[in-house]
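**Student:** The structure under discussion is supplied below as C-alpha cells; questions concerning it will follow.
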Amino acid sequence: MSDMAIRNIVIVGGGTAGWMTAAPLALRLGTSCNIVLVESPEIGTVGVGESTLPTIRYYNLALGLDGADFIRRTKATFKLGIEFQDWGHVGNRFFHGFSDFGPAIENRPAYMYWLRLSRARKDMPSYEEWSVATAMARAHRFIPPYGDRPSVTNAYSYAFQFDAGLYAAYLRDYATERGVTRIEGTVGDVELHPDTGFITAVTLRDGRRVEGDLFIDCTGFRGLLIEGVYKAGYEDWSAMLPCNSAQAVPSASADKLTPFTRAAAKSAGWTWRIPLQHRTGNGHVYCDAFMSDEEAGRVLLDGLDTEALDAPRQLRFTAGRRRKSWVKNCVAVGLSSGFLEPLESTSINIIELAVGWLLQYFPDRDCRPELADEFNRLVAQRYEFVRDFIVLHYKLTNRDDSEFWRYCANMPIPDSLRHQIDLFRASGRVTLYDPEGFSMDSHASIMLGLGLRPETDDPLIDRMDLKRLDEHFGKVHATIRQAVGAMPDHGEFVAQLAAGTMRKP
C-alpha cells in the first residue's frame, strides 16, 4: 500500500445515503481502510425514497445480497413502472413501464411504426399494449425475466419498492459486519488543516474527536460539510421545478399489492402511492406558492385508499444541485449533493452512481483536484439529464384548471429539453443526451402519454408495407397477452417469496 493511501474514511450521516455509501466501500476496501460512520439520533432521515429504478438490482447484486432475504428484510414489492393519472389533462392515464414497445424493426424503435400504423388504422389499440411491463402491471402479474433467447418473457426489467428505513438498517448490518464502525453522535465542530484546508477531524458535541483522510457528507439537505464548511454553492432550479414542499404519510397495506408506483397530478403538484408488504407509502409534492400546507394535507389524506397510520410529515426543499459535490477531501452523496423531486424515482439511483464514481476515481490522501473535477462533471451532468426528464412531465401539459399548471405550461425550460420536444413533435425521433439514463422508449412514453403526437413519420418507415406491419404488431400483441396471462399474481408471488416458498428473483 502506498504511503499516500487513504487509511481513514469518515461518513457523516446515516440514512439511505450513508449506508449505501458505507456498504460498497466496506466490500471494496476491506480491512485496508478504517471506515467510520457518524450517525446522529437527533436528526431524522427523510425516509420517502421508497421507489427505485431497475439499477438498484445491480447495486444489490454487486454487494452479493440474497434476493429473497432482501425482499423479506425490507418489506419490498416489485415495480414495473409508474402509472400517471391526470397528467397532461384531467382524466388522462398512462404508464411509464420498464420495457420498450416491442422489438425494434429495421433498427428503428417499434413505437415509430405504431405511429405510422395508427394513422392508417383509426381502431389501432394504444401503443402501451405492446409494452410487456405495462401489460403485466395492468394485470397485476409479476415474475422476473427468464429465458436465454430474446422473447416476451425477458423483454422487460423491474425495480423494487421498499421501506427506505429498513433498507438503510439492512445495509448497516451488512457494512458493520464487514468492519464499518458506527458512532452515534452529533457533529459540533469541524477541524481544518491550516495549510491545505482539508478536513482533518470532526468533533462531536460530547467531545469525541473522529479523524479522517476522506470525509463523505451524507447529512441531507443541510450539507453540513460540503456547504457548511466549503460553501460549495447551489444551483436553484425552482423556476422550472416549482414544487418546493411535500407531505408524507404511511397508510395501511392495500388488499391488492400492485407492482407499480402511482403518480396522480393535483392542482398544485402531484401525489404518490407506493405499495409495500406491510404498509402503503403516500405523499403529496406541491408548490406552497399555489397551495397552503393545510390544503395540501387535506388533498393527501382525502386521496388515501387505506387508513392513515400517522399524521402527515412536512418536508421543505429547493430543487437543484451543489455547484460542486467534491471539494478538497470532502465528497457529498445523496441529498447533500442535490435534490430532484421523486417523480421518476431517481434519488436512490443518483446515490448508486455517486458511490460508483467515488470508487472509480478513488483518491490518495492528496485528493488530486483532477479526480474531483471529473466526479463533479459526472454528477452535475446526471442531475441535469434527470432534471430535463422531470421538467418534461410538467411542461407538456394542456391543463389550465389552476394557476400552477398555467405557470408550468409557460415556464422557461433548458434549450436541451426544448430541442428534444421540438424534434419529437416534428418527426417522432428522440435525442438521447444520456445513453445510460432514461431510454428512447421512456422519453416516447412520457411524450406520447402527455398527448404529444409527431407531425410526420420517418420517411423510411413510410416505405414499409402496411399489411406486413399490421400482421407483425398483431402477432406481438397476441404473444404478450398469452405470456402475461400465464404469469403469477404479483401479491401471491411476493408473499411466497417472502415466506421462502418461491424461487429467488
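**Student:** If the limit is 25 Å between Cα atoms, which of K122/K266; K256/K475; K75/K256 go over it?
**Tutor:** On the way: K122/K266 31 Å; K256/K475 31 Å; K75/K256 15 Å.
Listed pairs above 25 Å: K122/K266; K256/K475.
**Student:** Using Cα atoms only, what is the angle between the long axis of helix 440-449 and the major principal axis of the chain, expressed in degrees (0 to 90) to the nearest 10?
**Tutor:** 60
**Student:** Report, please, the projected area of segment 300-372 averaged over directions, based on the convex hull of its C-alpha atoms, in nm².
**Tutor:** Numbers: hull surface 28.2 nm².
So the Cα hull casts an average projection of 7.0 nm².
**Student:** Where does segment 163-321 land on Rg(C-alpha)/(2.2 N^0.38 Å)? Before the final figure, lay out the partial values.
**Tutor:** Working: Rg = 20.1 Å, N = 159, 2.2 N^0.38 = 15.1 Å.
Normalised Rg, Cα atoms only: 1.33.
**Student:** Give the Rg (one decimal place) followed by the Dmax (whole number) of the chain, computed from C-alpha coordinates and expressed in Å.
**Tutor:** Over the chain's Cα set, Rg and Dmax evaluate to 23.6, 78 Å.
**Student:** Okay, moving on. Calculate the FRET efficiency for D236 and D400 from the Cβ-Cβ distance with a Förster distance of 30 Å, rounded to the nearest 0.05. Intermediate values should be presented prior to the final figure.
**Tutor:** Working: r = 27 Å, r/R0 = 0.88.
Plugging the Cβ-Cβ distance into 1/(1 + (r/R0)^6) gives 0.70.
**Student:** Something else now. Based on the Cα atoms of segment 245-316, what semi-axes does the equivalent ellipsoid have, where each is the square root of 5 times one gyration tensor eigenvalue, given in whole Å with the largest first? Don't skip to the end; give the middle numbers.
**Tutor:** Values: eigenvalues 90, 30, 16 Å².
Ellipsoid half-lengths, sorted descending, are 21, 12, 9 Å.
**Student:** Please figure out what share of the DSSP beta bridges in the chain is antiparallel and state it in percent, rounded to the nearest 5.
**Tutor:** Details: 50 of 70 bridges.
Taking every DSSP beta bridge within the chain, about 70 percent pair in antiparallel fashion.
**Student:** Something else now. Going through segment 143-234, which chymotrypsin sites (Phe, Trp or Tyr not before Pro) have at most 11 other Cβ atoms within 10 Å and a DSSP loop state? Don't jump to the answer; show the numbers that get you there.
**Tutor:** Numbers: sites: Y146, Y156, Y158, F160, F162, Y167, Y170, Y174, F198, F215, F221, Y230, Y234; in loops: Y146, Y156, Y158, F162, F198, Y230.
Sparse-neighbourhood loop chymotrypsin sites (Phe, Trp or Tyr not before Pro): Y146.
**Student:** Let me ask something else about it. Of the listed peptides 239-251, 58-70, what is their order by residue-averaged count of other C-beta atoms within 10 Å, with the highest listed first?
**Tutor:** Details: 239-251: 20.1, 58-70: 15.2.
For the peptides 239-251, 58-70, the packing ranking is 239-251, 58-70.
**Student:** Could you check the spin-label model distance between E471 and H193? Points 7 Å from the Cα along Cα→Cβ, value in nm.
**Tutor:** Computed distance between label sites E471 and H193 equals 7.2 nm.
Bear in mind that the values in this text are calculations on the coordinates, not laboratory data. In this text, all values refer to a predicted model and were calculated from it rather than measured experimentally. Don't worry about glycine lacking a Cβ; one is built from the backbone with ideal geometry, like all the others, and counts go over all protein chains shown.
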